[in-house]
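Here the structure comes first, spelled out in structure tokens, and everything after it is commentary.
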Amino acid sequence: MPTRSFSTVPGFQTTSFTPQQLEQLLIVLKAYDVEEMKFTSTGRLSVLGLSKETCTQLAAELIPLFPKKKTHKEWFTYIQACPGMDSCKFGVRDGEALAAQIEKIELSGPLRAKMKIGIAGCQMCCTEPYVRDLGILAERKGWKLIFGGNAGGRARIGDVIAEGLTDDQVVELIHRCLIVYQDNAGAKVRSARFLESFGVDRFKKAVLSEPFQKK
């Protein structure tokens with residue numbers, strides 16, 4: 001087995017944990033003789049020197065230590081959210097609370113390709129919302145919604161779809177964006193390439209054609 005191989009522990013993802021959970025994590029990692037580990041930018045756990053099969057066994061022991069409510073997050077590759085105003089002096093809105101609402105979105109079927117979401121609680125944009133498929137940026141006047149960003153080899157800055165949105169409005173608008181994308185994108189076509197071919201103005205018209213539902 002290569003000594004410099006990394007494997008991501010399947011199903012493990014967290015952005016915060018207690019000291020007690022960290023102690024339990026250390027106990028399990030020592031039991032598997034993990035040489036080195038790291039948390040990725042999306043809260044996933046990567047370990048050094050273990051096979052994928054061993055990582056699956058490791059996950060079976062770790063995941064119960066970090067329980068989560070069942071969500072519909074399987075629609076998305078990941079949702080990366082900063083803590084927001086509760087944990088950052090620059091934060092103006094609660095990014096993690098919004099992420100929990102987005103996770104509850106239900107769709108009629110799987111999305112065409114990867115869908116990465118970045119939620120920034122302030123103008124510092126630590127979660128890089130402008131280069132995510134869906135980016136949500138907190139401003140004092142409300143949320144700014146960005147669609148069609150990509151940070152890969154063909155980088156693209158996403159387009160602003162709407163600004164000054166409440167929590168309920170931005171979740172509703174995200175749902176609309178996903179439906180338009182799902183109904184019109186080709187298989188394995190990421191949002192950036194889809195928006196280039198579909199047209200930004202056409203996309204905005206389709207997404208914003210109906211008024212927001214009254215809450």
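The values are calculated or read from the model by the stated rules, or taken from the named source; none is laboratory data. As the structure is a computational prediction, the values presented were derived from the model and not from experiment. Cβ: placed from backbone, ideal geometry, glycine included. Neighbour counts: every protein chain shown.
Of all residues in region 144-160, how many are in contact with a Lys or Arg (Cβ under 9 Å, 6 or more places away or on another chain), farther than 19 Å from Tyr78 by Cβ and either surrounded by 15 or more Cβ atoms within 10 Å (Cβ to Cβ) or not assigned by TED's automatic domain parsing to the domain that holds Ser197 (or both)?
Counting residues in region 144-160 that are in contact with a Lys or Arg (Cβ under 9 Å, 6 or more places away or on another chain), farther than 19 Å from Tyr78 by Cβ and either surrounded by 15 or more Cβ atoms within 10 Å (Cβ to Cβ) or not assigned by TED's automatic domain parsing to the domain that holds Ser197 (or both) gives 2.
Considering only region 172-215, state which residues are of a type in the set (D, E, K, R) and closer than 19 Å to Gly149 by Cβ.
Once the filter is applied, which keeps residues that are of a type in the set (D, E, K, R) and closer than 19 Å to Gly149 by Cβ, region 172-215 yields Arg176, Lys188, Arg190, Arg193, Glu196, Asp201, Arg202, Lys204.
Residue check: is Ala59 more than 21 Å from Ala100 (Cβ to Cβ) and at pLDDT 85 or above?
Considered against the rule, which asks whether it is more than 21 Å from Ala100 (Cβ to Cβ) and at pLDDT 85 or above, Ala59 comes out as yes.
Are any of the residues in region 82-90 closer than 27 Å to Pro211 by Cβ and free of Cβ contacts under 8 Å to residues at least 40 places away in the same chain?
So far as region 82-90 goes, no, none of its residues is closer than 27 Å to Pro211 by Cβ and free of Cβ contacts under 8 Å to residues at least 40 places away in the same chain.
Looking only at region 129-184, which residues are of a type in the set (S, T, N, Q) and closer than 16 Å to Ser197 by Cβ?
Selection gives Asn150, Gln182, Asn184.
May I ask you to list the residues in region 175-191 that are surrounded by 16 or more Cβ atoms within 10 Å (Cβ to Cβ), within 12 Å of Phe203 (Cα to Cα) and of a type outside the set (S, T, N, Q)?
Matches in region 175-191: Arg176, Cys177, Leu178, Val180, Tyr181, Ala185.
For the subset of region 82-128 comprising residues that are of a type in the set (A, V, I, L, M, F, W, C), more than 19 Å from Cys177 (Cα to Cα) and in contact with a helix residue (DSSP H, G or I) (Cβ under 7 Å, 6 or more places away or on another chain), which member is surrounded by the fewest Cβ atoms within 10 Å (Cβ to Cβ)?
Top of the filtered list is Val92.
Quick grid of which residues meet (1) of a type in the set (A, V, I, L, M, F, W, C); (2) in contact with an Asp or Glu (Cβ under 6 Å, 6 or more places away or on another chain); (3) at pLDDT 85 or above; (4) in a helix (DSSP H, G or I):
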{"position": "Cys55", "(1), (2), (3), (4)": "yes, no, yes, yes"}
{"position": "Ile79", "(1), (2), (3), (4)": "yes, no, yes, no"}
{"position": "Ala97", "(1), (2), (3), (4)": "yes, no, yes, yes"}
{"position": "Gln101", "(1), (2), (3), (4)": "no, no, yes, yes"}
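Quick one: which of Val34, Val92 is over 19 Å from the mean Cα position of the chain (by Cα), at pLDDT 85 or above and under 25 Å from Glu128 (Cβ atoms)?
Going through Val34, Val92 in turn, the sole match is Val92.
Quick check: is even one residue across region 161-174 within 20 Å of Lys114 (Cβ to Cβ), out of contact with any strand residue (DSSP E or B) (no Cβ under 8 Å at 6 or more places or on another chain) and either loosely packed, with under 15 Cβ neighbours inside 10 Å or not assigned by TED's automatic domain parsing to the domain that holds Lys116 (or both)?
There is no residue in region 161-174 that is within 20 Å of Lys114 (Cβ to Cβ), out of contact with any strand residue (DSSP E or B) (no Cβ under 8 Å at 6 or more places or on another chain) and either loosely packed, with under 15 Cβ neighbours inside 10 Å or not assigned by TED's automatic domain parsing to the domain that holds Lys116 (or both).
Output the helices (runs of 4 or more DSSP H) that fall wholly within region 104-210 and possess 3 or more residues being of a type in the set (S, T, N, Q) and in contact (Cβ under 8 Å) with a residue 12 or more places away in the chain, or say none.
Hits in region 104-210: 167-184.
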